[in-house]
1. If I ask for residues that are closer than 25 Å to Ser240 by Cα, without any contact (Cβ under 8 Å) to a residue 60 or more places away in the chain and not charged (D, E, K, R), which ones from region 253-279 would you list?
2. Quick one: which of Thr175, Thr151 is modelled with pLDDT of 95 or more, under 16 Å from Phe192 (Cβ atoms) and surrounded by fewer than 22 Cβ atoms within 10 Å (Cβ to Cβ)?
3. Looking only at region 200-213, count how many residues are in contact with a His (Cβ under 9 Å, 6 or more places away or on another chain) and crowded, with 17+ Cβ neighbours inside 10 Å.
4. Name the pairs: first residue in region 193-212 and closer than 12 Å to Ile171 by Cβ, second residue among the basic types (Lys, Arg) and assigned to a strand (DSSP E or B), Cβ to Cβ under 8 Å, at least 6 apart or on different chains?
5. Condition check: of a type in the set (D, E, K, R) and crowded, with 19+ Cβ neighbours inside 10 Å. Does Asp104 satisfy that?
6. All but one of (1) in contact with a Gly (Cβ under 9 Å, 6 or more places away or on another chain); (2) at pLDDT below 95; (3) closer than 22 Å to Leu148 by Cβ hold for Thr286, so report the exception by its number.
7. Checking Gly89 against (1) farther than 22 Å from Leu215 by Cβ; (2) under 22 Å from the mean Cα position of the chain (by Cα), which single condition isn't satisfied?
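The values are calculated or read from the model by the stated rules, or taken from the named source; none is laboratory data. Keep in mind that what you see is a predicted model, and the values were worked out from it rather than measured. No Cβ is skipped: glycine too gets one built from the backbone with ideal geometry, and neighbour counts run over all protein chains shown.
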Amino acid sequence: MSRFSSLNSYWKGRTLGLLAALAVSSISFAGAQNVPAISGGVAFLTSTNGGNTTYTPLIEPLLAAPIGKHILIESRAAILETFSPDSTGYNHTHFAGLTYLQGDYIASPHLTIVGGSFLLPFGTYNERLSPVWIGNFQDGPLIASLGLLSTGTGVGGMLRGSAISRRKYSIDYATWFSARSGNEQFNSERSFGGRASLYLQDSRLEVGLSYDRSLQGTQENFYGTHVWWEPKDTAFRLRSEFARGHHAQGYWIEADYRTQAFGGLNSWVGRFEPLFRMQQTFRRDTIISDGLPLVNTQRADFGLDYNLPHNTRILTSYSRQFSSSNNTNIWETGIVYRFLFPAWKGKSQ
């Protein structure tokens, strides 16, 4: 297996440092000096929700620029257009902006100091699965915004790393403080919080806890937990999260599988990836939505992805959503291409 492939597999299942892995993999693979890596995804997505269809071309470029041995600059942007039919033809909206921009100082194997605009490490979806080339489903879980305040990003500082690393287990941590920012590009609210995760190497099981304290306006606490499991020598993955806020709570459980019985993962059969996700949200009150539905909601997502060569995937899914307000069918299809290359040719060492 190539270093690119192994790092990609590690990220999709376990890693907390996609950008660092991209930088290291591009440098190691090319045998070059510190060369910035440009990665990301290009996608064309369609969604039909209750009979209303939208079409979304999207590009998410990502930059990982190492400076020396200890500093890494990370950034991701989103550029998208949305088209939806209406009585006059098509309604059109567009968006372009930076998702985050941060600097990392790798002080030791156990500590990385982060400053700037960063993704809040509450739960797992925001950091690990939100990139378009990573997630199995087009849309995030119903509770994806719970614990992430209004933007999902913070402006301030963060400490993260591996607190303990042993052969059979490791404990990772991340803790942050975010200041209030009204900047149009880097908007954030005052908060602090953290996440701790225990990973058991032999069973390939990860469990973690998250906490977020909002310090702006009405002060609130958010709690979360996650469980990820990838049995050894299989292509089965189980991911789940539970989150609770002052006004709502909920959970999601997602499973996907690729068979190796008919010639391996790269056979035409092994490239199929059936998916299932179950999720529910529960209202504690209806004062504030926190981005969740204002009534108790259940949703089942059924998907079938196909993993083409050259980092290209076809995504398809059907969802049935149940609530007291209405029941809805949601059909989604899309094609996603992931790219990765050095910004320029480095010098051979």
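1. Residues of region 253-279 that are closer than 25 Å to Ser240 by Cα, as a first pass: 253-260, 265, 270-279.
Add one more test, that the residue is without any contact (Cβ under 8 Å) to a residue 60 or more places away in the chain, and what stays is 253, 255, 257-260, 265, 270-272, 274, 276, 278.
Across region 253-279, the qualifying residues are Ile253, Ala255, Tyr257, Thr259, Gln260, Leu265, Gly270, Phe272, Pro274, Phe276, Met278.
2. Details: Thr151 fails: modelled with pLDDT of 95 or more.
Just one listed residue meets the conditions, Thr175.
3. Count: 3.
4. Here the result reads Gly208/Arg195; Leu209/Arg195, each pair linking region 193-212 to a residue that is among the basic types (Lys, Arg) and assigned to a strand (DSSP E or B).
5. On the way: of a type in the set (D, E, K, R): yes; crowded, with 19+ Cβ neighbours inside 10 Å: yes.
Yes.
6. (1)
7. So the condition that Gly89 fails would be (2).
Results for (1) among the aromatic types (Phe, Trp, Tyr); (2) touching a Ser or Thr at 6+ places or on another chain (Cβ under 6 Å), shown as yes or no for each residue.
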{"site": "Gly152", "(1), (2)": "no, no"}
{"site": "Val155", "(1), (2)": "no, yes"}
{"site": "Phe177", "(1), (2)": "yes, no"}
{"site": "Ser188", "(1), (2)": "no, yes"}
